[in-house]
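One structure is given here, and the rest of the page talks about it.
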Amino acid sequence: MNDAYEAVVSLSLQGPSGQTKDIEAVIDTGYSGFLTLPTALVTELGLPFAYIGRALLANDWVA
């Protein structure tokens, strides 16, 4: 659990060249089968984009 009382899981991500990055991800009860990562992290690890999109969240924030 983080400071905002959200459930989190620790993950170690690995890019195609073998570089790794440890992150904490918030567990989303509406999980759709995809992990959303910041653009900077995707670029840093050299990961391919599945797609780029925007979403309207339940609190009216656009992500």
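Is it the case, given these coordinates, that GLU24 is at negative phi, open to solvent by 50 Å² or more (accessible area, probe 1.4 Å), modelled with pLDDT of 90 or more and assigned to a helix (DSSP H, G or I)? For GLU24, the condition - at negative phi, open to solvent by 50 Å² or more (accessible area, probe 1.4 Å), modelled with pLDDT of 90 or more and assigned to a helix (DSSP H, G or I) - is not met. Between residues in region 32-51 that are surrounded by 12 or more Cβ atoms within 10 Å (Cβ to Cβ) and residues that are modelled with pLDDT under 90, which pairs lie under 6 Å by C-beta distance while being six or more apart or on different chains? Every condition considered, no pair remains. Within region 1-21, the set of residues being of a type in the set (Val, Ile, Thr) and either under 22 Å from GLY53 (Cβ atoms) or open to solvent by 50 Å² or more (accessible area, probe 1.4 Å) (or both) comprises VAL9, THR20. Against the criterion of being assigned to a strand (DSSP E or B) and either of a type in the set (S, T, N, Q) or modelled with pLDDT of 75 or more (or both), SER32 does not qualify. In the condition set (1) out of contact with any Ser or Thr (no Cβ under 8 Å at 6 or more places or on another chain); (2) on the phi > 0 side of the Ramachandran plot; (3) surrounded by 10 or more Cβ atoms within 10 Å (Cβ to Cβ), ASP60 is compliant with all but (3).
The values are calculated or read from the model by the stated rules, or taken from the named source; none is laboratory data. This structure is a prediction, so every number in the text was calculated from the model and none was measured. Heads up, the Cβs are rebuilt from the backbone with ideal geometry, glycines too, and the neighbour counts pull from every protein chain shown. Just the protein is used for accessible areas: all its heavy atoms, side chains included, with ligands, DNA and RNA removed. Shrake-Rupley method; radii C 1.70, N 1.55, O 1.52, S 1.80 Å.
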